[in-house]
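**Student:** Before I ask anything, here is the structure I am working with.
The values are calculated or read from the model by the stated rules, or taken from the named source; none is laboratory data. Please read these numbers as outputs of a predicted model, since none were measured by experiment. Note that we place each Cβ from the backbone using ideal geometry, even for glycine, and neighbour counts take in every protein chain shown.
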Amino acid sequence: MSTPAIEVTDFTMRFGARTAVDHLSFDVRPGETFGLLGANGSGKTTTIRALLGIYTPTAGTLHVEGRPFDPAHNSSLGYLPEERGLYKKEKVIDVMTYFGQLKGMPRAEAALWSTYYLERVGLASHATTRLDKLSGGQQQKVQLGVTIMDNPTILVLDEPTKGFDPVNRRLLLDIVEDQRRGGATVVIITHQMDEVERLCDRVLLLKDGRAEAYGTVPEVQDAYGGRTVRLHHGGPLPTSTRWRPITTERSYAELELDAGVEPRDVLRELVDAGVDVRSFDASRLSMEQVFLKVYGHAAQEEVSA
Amino acid sequence: MNAHNIGTVIAFEVRRTLAKPSFWIATLSVPLLMALLFGLSFFSGASAAQSSLESDAEPVTFTYTDASGIVDPSVAAGLGGTAAADPEAAAAAVREGRSALHIDIPADPVAEGVHVVGEDLGLMESGRWTSVARALLTQSAVARIDEPRLTSVLDGFTVTSELWAGGAPAPGWGAAIAPALFLVLLFMAVVMLGQQMLNITVEEKENRVTEMILTTVHPSTLIIGKVIGVVLVGIVQGLVLLVPLLAMALVPGLTSLVGAPAAEMADAAAAGQAAVDLPRVLMGAALFLASFVLFAGILVAIGAVMPSAKDAGSAFGSVIIAMFLPLYALPLVLQTPESVFSRVLTYFPLTAPVTTLTRNAVGSIELWQAGLVLAVIVLCAVLALSLGVRLFREGSIAYDQRLSWKDIVRATRSKATNPAA
């Protein structure tokens, strides 16, 4: 079995009397896309900062490619933090080239790579512009470029699409997808549950510093309510002991099925009850619903944001 | 430490600073200002000399009354003086504007003092009347003694000294020049590079780039690279400042305008009197380097604890004051080097650099004692830099917040490398 790209064992982090992360263990396999999920303050960023040596853990071990992270040795890691910024008084091309060199690229190669990247994200004309003259979204594109320079084998992205409009969000996800296809291991921290379902192979849900759920996306969905049915209908829905409605609108409903109940039996029951079923889609509980189940109403605003 | 990255950090820091027009404007403004001042001094000095010559050539007409009998009439006549019979009438003539100057010499000029009544020529020029009175009396005294060799002693003479220590000639003040240069260097480094060094330590947190940079380069590599970068920039600034000094050395007469001590030092160096006491020069160099590293370490620690350069400014000011406070107490330290006060200033890490560099230059500290102080400074410099790096890791992630004492204690206990091990 290959060495995990990331391995966290019994990690605990305390800040004074407050325990931010409590005995957390998980691993990320090479080449997979891993989602680290949780409400604000659940310990996600703390875990990443400890993993990357920014925080000193209270207890436990955190390894990147088999050993504690050290920028001198783990040069092939790209990190896009939640707290973002670059040397604002410097030119875009100079900052990108500097980071490229720090990652081990020759200066000329780093400058060339930066030029290609800026062309791809539509910032070629801003190469010699000072960073603080760019818009927030443009600065984020530069930061992503710095993160993926030298094609890192591990990418850690903390809320990568925060603040992006839909067009640029799509562009960013395409770039991340290219990296993933190129064999990179991707760890993504996000509140966008649609991104989680679309991108992630496995996820870890943190709640109050502890692992609430951990596994593949279908496994986590099954663990929090199994299957759901989405239907458009006419007429009132009957009550049943085999399902419970989780969303009910005028002609649309989402039903969560009890364990062992098959969608076809539900369809039959609805038809028998005289419901005019116009569409019927059986699937697992969405990650958004899982998130709401785990974190309750407090998290609802985060997800919708 | 990744040697490749430290070179990258240094190159980035130097390149971006030298590429800024504001750096060159600030740097070039100093020698330009100096050149302007020297130019003004030179021309005003030349015009003052011309004015003095013109004043000397201009005859002075005055009256005098002499109750002492010292004044030689021929000397008085040579200076433009005419004896007056009534001192009150002569003084009244000046007061009424009919005469420019009257000098009233009593029976005993030394005990009673000479009284001068003169026309007001302004605060500076009016001093000329006093000079005339002095010239009248001293030249008359010389004329009456009539012994030029004897009276020439009053005009001053040179004294050359030859000092011996342990059977060998002592180098004297000339040997202090080279070691003292390191004190000047430390002062210049602190003044010119201090604020810049403080800025670079808070730059990452102010720009929110901490996490990206710390996962790319080790904090100690980053800090040391930045410090070296600032030092190199300082050397460039120093070289630019050398331009007016070179001009002074090459243009005859300019040296005298910067003041007597500098002129004397230059003369001493030119005359080959600037003896080199190699052990003290080497000690001065070592003390300077260790002191600079200590200073840099303290600045890094301050920058790491404070949320911004503005907040760090007051703490930075306190460090500067503490470092250069011994300059005010130097006479006392040099006169009583073995007193408790002198020993505290000599061995306390913040005051040790300036105190010991000075004492080393003038030879008021034994070399073994200076070595002991050097060891204290080196130890504190290593501790300060190490603490600075740890605090940088802790503080730069705190962004807008100032580190609490608990945070500082935790940082001091953390490992310098491989924190997640």
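**Student:** Which ranges mark the helices (runs of 4 or more DSSP H) fully within segment B:284-386 that have 2 or more residues being among the aliphatic types (A, V, I, L, M) and within 30 Å of residue B:204 (Cα to Cα)? Walk me through it before giving the result.
**Tutor:** On the way: elements: B:309-324, B:330-335, B:340-347, B:352-362.
Here the list reads B:309-324.
**Student:** If you go through segment A:108-152, how many residues are touching a strand residue (DSSP E or B) at 6+ places or on another chain (Cβ under 7 Å) and more than 14 Å from every other protein chain (Cβ to nearest Cβ)?
**Tutor:** So the answer is 1.
**Student:** Let me ask another. Where residues in segment A:56-66 are under 17 Å from residue B:407 (Cα atoms) and facing another protein chain (nearest Cβ under 7 Å), which of them is modelled with the lowest pLDDT? Let's see the steps before the verdict.
**Tutor:** Quick first cut of segment A:56-66, residues under 17 Å from residue B:407 (Cα atoms) only: A:56-58.
Then keep just the ones that are facing another protein chain (nearest Cβ under 7 Å); that gives A:56-57.
Values: A:56: 85, A:57: 90.
The extreme case among them is A:56.
**Student:** When you scan segment A:28-71, how many residues do you find that are aliphatic (A, V, I, L, M) and either touching a Gly at 6+ places or on another chain (Cβ under 7 Å) or assigned to a loop (DSSP other than H, G, I, E, B) (or both)? So that I can check it myself, show each step before the final result.
**Tutor:** Taking segment A:28-71 first, the residues aliphatic (A, V, I, L, M) are A:28, A:36-37, A:39, A:48, A:50-52, A:54, A:59, A:62, A:64.
Keeping just the survivors that are either touching a Gly at 6+ places or on another chain (Cβ under 7 Å) or assigned to a loop (DSSP other than H, G, I, E, B) (or both) gives A:39, A:52, A:54.
Residues flagged as aliphatic (A, V, I, L, M) and either touching a Gly at 6+ places or on another chain (Cβ under 7 Å) or assigned to a loop (DSSP other than H, G, I, E, B) (or both) within segment A:28-71 amount to 3.
**Student:** Taking interchain pairs and intrachain pairs at least six residues apart, which have beta carbon atoms under 8 angstrom, with the first residue in segment B:279-295 and closer than 18 Å to residue B:319 by Cβ and the second modelled with pLDDT of 90 or more and of a type in the set (Lys, Arg)?
**Tutor:** none
**Student:** Still on this model: Here is a check on your reading of the model: is residue B:158 within 14 Å of chain A (Cβ to nearest Cβ) and either free of Cβ contacts under 8 Å to residues at least 24 places away in the same chain or not in a helix (DSSP H, G or I) (or both)? Let's see the steps before the verdict.
**Tutor:** Details: within 14 Å of chain A (Cβ to nearest Cβ): no; either free of Cβ contacts under 8 Å to residues at least 24 places away in the same chain or not in a helix (DSSP H, G or I) (or both): yes.
Against the criterion (within 14 Å of chain A (Cβ to nearest Cβ) and either free of Cβ contacts under 8 Å to residues at least 24 places away in the same chain or not in a helix (DSSP H, G or I) (or both)), residue B:158 does not qualify.
**Student:** Quick check, is residue B:396 within 30 Å of residue A:53 (Cβ to Cβ), over 19 Å from the mean Cα position of the chain (by Cα) and crowded, with 23+ Cβ neighbours inside 10 Å? First the steps, then the outcome.
**Tutor:** Values: within 30 Å of residue A:53 (Cβ to Cβ): yes; over 19 Å from the mean Cα position of the chain (by Cα): yes; crowded, with 23+ Cβ neighbours inside 10 Å: yes.
Answer is yes for this residue.
**Student:** Could you please find all residues in segment A:98-107 being out of contact with any Asp or Glu (no Cβ under 6 Å at 6 or more places or on another chain) and within 9 Å of chain B (Cβ to nearest Cβ)? Spell out how you get there, then give the answer.
**Tutor:** Taking segment A:98-107 and keeping what is out of contact with any Asp or Glu (no Cβ under 6 Å at 6 or more places or on another chain), we get A:98-102, A:104, A:106-107.
Result: A:98, A:99, A:101, A:102, A:104, A:107.
**Student:** Given the structure, is residue A:134 at negative phi and crowded, with 19+ Cβ neighbours inside 10 Å? So that I can check it myself, show each step before the final result.
**Tutor:** Numbers: at negative phi: yes; crowded, with 19+ Cβ neighbours inside 10 Å: no.
Here the answer is no, as residue A:134 does not meet what is asked.
**Student:** Further question: When you check residue A:52 against the structure, is it facing chain B (nearest Cβ under 7 Å) and either of a type outside the set (Val, Ile, Thr) or in contact with a Lys or Arg (Cβ under 8 Å, 6 or more places away or on another chain) (or both), yes or no?
**Tutor:** Values: facing chain B (nearest Cβ under 7 Å): yes; either of a type outside the set (Val, Ile, Thr) or in contact with a Lys or Arg (Cβ under 8 Å, 6 or more places away or on another chain) (or both): yes.
Yes; evaluated as a whole, the condition is true for this residue.
**Student:** Please pick out the residue among B:194, B:172, B:166 that is of a type outside the set (Phe, Trp, Tyr) and at pLDDT 80 or above. Walk me through how you get there before you give the answer.
**Tutor:** Values: B:172 fails: at pLDDT 80 or above; B:166 fails: at pLDDT 80 or above.
Only one candidate passes the filter, namely B:194.
**Student:** Take segment B:321-336 and flag every residue that is surrounded by 18 or more Cβ atoms within 10 Å (Cβ to Cβ) and either over 22 Å from the mean Cα position of the chain (by Cα) or over 22 Å from residue B:191 (Cα atoms) (or both). Steps first, please.
**Tutor:** Narrowing segment B:321-336 to residues surrounded by 18 or more Cβ atoms within 10 Å (Cβ to Cβ): B:323, B:326, B:333.
Of everything in segment B:321-336, just one residue is surrounded by 18 or more Cβ atoms within 10 Å (Cβ to Cβ) and either over 22 Å from the mean Cα position of the chain (by Cα) or over 22 Å from residue B:191 (Cα atoms) (or both), namely B:333.
**Student:** Still on this model: Taking only segment B:59-108 into account, find how many residues are part of a loop (DSSP other than H, G, I, E, B) and hydrophobic (A, V, I, L, M, F, W, C). Give the derivation first.
**Tutor:** Taking segment B:59-108 and keeping what is part of a loop (DSSP other than H, G, I, E, B), we get B:59-61, B:67-72, B:80, B:84-86, B:96-100, B:106-108.
Narrowing further to those that are hydrophobic (A, V, I, L, M, F, W, C): B:60, B:67, B:70-71, B:84-85, B:100, B:107.
Count: 8.
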